[in-house]
Each structure stands twice: as structure tokens, then as C-alpha cells.
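Visitor: This is the structure I have questions about; it appears just below.
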Amino acid sequence: MARIAPFEKHAQEYEKWFEVNSYAYESELRAVRSLLPRTGRIVEVGVGSGRFAAPLGITLGVEPSAEMRRMALARGIEAMDGTAESLPFDDATLDALLMVTTVCFLDDVNAAFEEAHRVLKPAGSFVLGFVDRASHIGQLYERTKDANPFYSVATFYSFHEVIHHLKKAGFKSFHSVQTIFHDLEEITHAEPVTEGHGEGSFVVIKAGK
């Protein structure tokens with residue numbers, strides 16, 4: 001069952017994070033943009049309120065939370081009801097699939113990644129942005145997750161765990177970038193986006209089919 005209860009009950013709190021942490025948000029957006037294909041049919045899975053899809057020019061998303069879908073619609077996103085484990089698309093019909101901070105809320109990461117592989121075209125790309133469980137902020141979120149309505153239902157993954165599941169689903173040719181090198185309250189401007197992983201708390205992986 002999709003972990004949507006916190007997003008239905010605390011939608012305004014979800015939105016407030018992006019306003020309070022505007023520089024961290026901008027940093028994450030830049031990191032995702034650096035690896036996301038510029039053209040083609042692109043869908044964001046777990047589109048939420050459209051905070052990433054809208055500025056990235058993505059107009060189609062999948063989202064199980066009705067409240068989040070309502071917000072996404074207000075941002076011009078056609079948000080379809082559905083889950084990552086059962087995508088409403090035919091085989092090999094998408095050029096790229098995006099998930100941002102969605103992997104930690106999946107019920108079945110293997111099923112979701114297999115679905116991503118199924119719906120992508122032969123040369124398609126799967127782009128994932130997530131908080132690395134092994135990072136400083138990832139460890140902080142793990143320690144304090146019970147006090148957060150969203151993270152209390154989350155399962156955080158490390159970079160290497162995500163790569164393992166991507167390979168298991170058939171993905172290959174991985175490229176990663178990272179950002180968020182300080183605690184959120186210390187960020188006073190957009191953080192740099194650098195190659196690789198292991199230093200930044202927010203990592204983006206682009207995997208080829």
C-alpha cells in the first residue's frame with residue numbers, strides 16, 4: 001500500500017519545506033537538471049506537488065496522493081493516480097523517467113525499478129534524486145525519523161544500495177552527481193553540483209536501460 005498518509009495530512013508542511021530551504025531546493029533542482037534529458041517524453045513518478053516537474057518542464061506525472069495531485073495540477077502538471085510499482089504506461093514508450101525523493105517511500109523498490117525498466121525505450125534514461133543514507137544528512141534523518149511525519153514511514157537507501165537495485169532491474173551505464181554539502185540551516189546560497197557521490201547528501205543517478 002502506497003505510503004501516502006503523511007502527504008494527505010501534512011501537505012502544507014511539505015510545501016513549507018521548499019520555502020524554508022529554498023537554497024537547498026535550488027541545489028537539488030540544479031543537480032537533477034544536470035542529468036535529466038532535455039527532450040523526449042519524460043514522466044516524473046512520485047511527482048508530489050510538482051515542485052520539481054514544473055521548473056524542469058515535465059508536464060506528466062504519476063502520484064498516489066490525491067492532495068499532492070491537486071497541488072500538481074495547480075502547477076500545470078497532469079498528475080495521474082498510480083504507483084511506481086504499477087505504472088500506467090505501455091512497454092518501451094518513455095524516453096526518461098524521473099524520481100526525486102521518491103525511492104524512500106516505495107513499497108517495493110525492486111518492483112518499481114522493474115516497472116521503470118519496462119516502460120522506458122531501449123535508449124531511455126532513469127534519473128533518481130535521493131538523500132544518501134550514508135551521508136551526513138541521511139544519518140541525521142535516520143536518527144530523527146520518528147519525529148518527522150514524512151520520514152517516519154520512509155526507508156532510506158545508500159548510493160550503493162540504489163545501484164544494486166538498479167542493476168538487479170537491468171539498468172547499466174550509471175552517471176552520478178551530488179550536492180548539499182552542509183547542514184540545511186547553514187546553507188545561504190545554492191550549493192555546487194559536483195561529479196560522483198560520497199560527499200554530498202543529495203545524490204542524482206542517471207541509469208541507462
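The values are calculated or read from the model by the stated rules, or taken from the named source; none is laboratory data. Keep in mind the model is a prediction, meaning the values are calculated, not measured. In this analysis, Cβ positions are derived from the backbone assuming ideal geometry, glycine residues included, and neighbour counts consider all displayed protein chains.
Visitor: Looking only at segment 108-125, count every residue that is over 20 Å from A154 (Cβ atoms) and in contact with a Phe, Trp or Tyr (Cβ under 8 Å, 6 or more places away or on another chain) and tell me the total.
Guide: So the answer is 3.
Visitor: So, one more: For segment 127-153: of the residues being modelled with pLDDT of 95 or more and of a type in the set (A, V, I, L, M, F, W, C), which is nearest to F181 (Cα to Cα)?
Guide: I137
Visitor: Can you say whether S86 is buried (at least 24 other Cβ atoms within 10 Å of the Cβ) and farther than 21 Å from S176 by Cβ, as far as the supplied structure shows?
Guide: Numbers: buried (at least 24 other Cβ atoms within 10 Å of the Cβ): no; farther than 21 Å from S176 by Cβ: yes.
Here the answer is no, as S86 does not meet what is asked.
Visitor: Being among the aliphatic types (A, V, I, L, M), at pLDDT 95 or above and surrounded by 24 or more Cβ atoms within 10 Å (Cβ to Cβ) narrows it down to one of L36, L98, so name that one.
Guide: Values: L36 fails: surrounded by 24 or more Cβ atoms within 10 Å (Cβ to Cβ).
From the options L36, L98, the qualifying one is L98.
Visitor: Within segment 171-195, can you find the residues that are of a type in the set (D, E, K, R), part of a loop (DSSP other than H, G, I, E, B) and free of Cβ contacts under 8 Å to residues at least 24 places away in the same chain?
Guide: First, pick out the residues of segment 171-195 that are of a type in the set (D, E, K, R): 172, 183, 185-186, 191, 195.
Next cut, part of a loop (DSSP other than H, G, I, E, B) only: 183, 191.
Across segment 171-195, there are no qualifying residues.
Visitor: Which condition number in (1) under 25 Å from G138 (Cβ atoms); (2) in a loop (DSSP other than H, G, I, E, B); (3) touching a residue at least 60 places away in the same chain (Cβ under 8 Å) is the one that F126 fails?
Guide: Every condition holds for F126 apart from (2).
Visitor: What single numbered condition from (1) touching an Asp or Glu at 6+ places or on another chain (Cβ under 8 Å); (2) part of a helix (DSSP H, G or I); (3) among the aromatic types (F, W, Y) fails to hold for F156?
Guide: Going through the list (1) touching an Asp or Glu at 6+ places or on another chain (Cβ under 8 Å); (2) part of a helix (DSSP H, G or I); (3) among the aromatic types (F, W, Y), F156 breaks only (2).
Let's see how each residue does on (1) more than 18 Å from the chain's Cα centre (by Cα); (2) surrounded by fewer than 13 Cβ atoms within 10 Å (Cβ to Cβ); (3) outside any helix (DSSP H, G or I):
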{"residue": "R133", "(1), (2), (3)": "no, no, yes"}
{"residue": "I137", "(1), (2), (3)": "no, no, no"}
{"residue": "R143", "(1), (2), (3)": "yes, yes, no"}
{"residue": "D146", "(1), (2), (3)": "yes, yes, no"}
{"residue": "L166", "(1), (2), (3)": "no, no, no"}
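Visitor: For segment 143-152, does any single residue satisfy the condition of being among the small types (G, A, S) and under 27 Å from P192 (Cα atoms)? Spell out how you get there, then give the answer.
Guide: To start, the set of residues in segment 143-152 that are among the small types (G, A, S) comprises 147, 152.
Restricting the remaining residues to those that are under 27 Å from P192 (Cα atoms) gives none.
No, segment 143-152 contains no residue that is among the small types (G, A, S) and under 27 Å from P192 (Cα atoms).
Visitor: Report whether or not S49 is surrounded by 16 or more Cβ atoms within 10 Å (Cβ to Cβ), closer than 20 Å to A154 by Cα and not basic (K, R). Talk me through it step by step, then tell me what you get.
Guide: Details: surrounded by 16 or more Cβ atoms within 10 Å (Cβ to Cβ): yes; closer than 20 Å to A154 by Cα: yes; not basic (K, R): yes.
The answer is yes for S49.
Visitor: So how many residues does segment 53-66 have that are under 18 Å from L106 (Cα atoms) and under 13 Å from the mean Cα position of the chain (by Cα)? Spell out the reasoning first.
Guide: So the first thing to find is which residues in segment 53-66 are under 18 Å from L106 (Cα atoms), and the list is 61-66.
In the following step, the residues that additionally are under 13 Å from the mean Cα position of the chain (by Cα) were identified as 61-63.
Result for segment 53-66: 3.
Visitor: Just one of A5, A24 is in contact with a helix residue (DSSP H, G or I) (Cβ under 9 Å, 6 or more places away or on another chain), over 19 Å from G76 (Cβ atoms), small (G, A, S) and surrounded by 15 or more Cβ atoms within 10 Å (Cβ to Cβ); which is it? Before the answer, list the steps.
Guide: On the way: A5 fails: surrounded by 15 or more Cβ atoms within 10 Å (Cβ to Cβ).
When all the criteria are applied, what remains is A24.
Visitor: Restricting to segment 169-189, name every residue that is in contact with a helix residue (DSSP H, G or I) (Cβ under 7 Å, 6 or more places away or on another chain), loosely packed, with under 13 Cβ neighbours inside 10 Å and more than 24 Å from R33 (Cβ to Cβ).
Guide: The answer is none; no residue qualifies.
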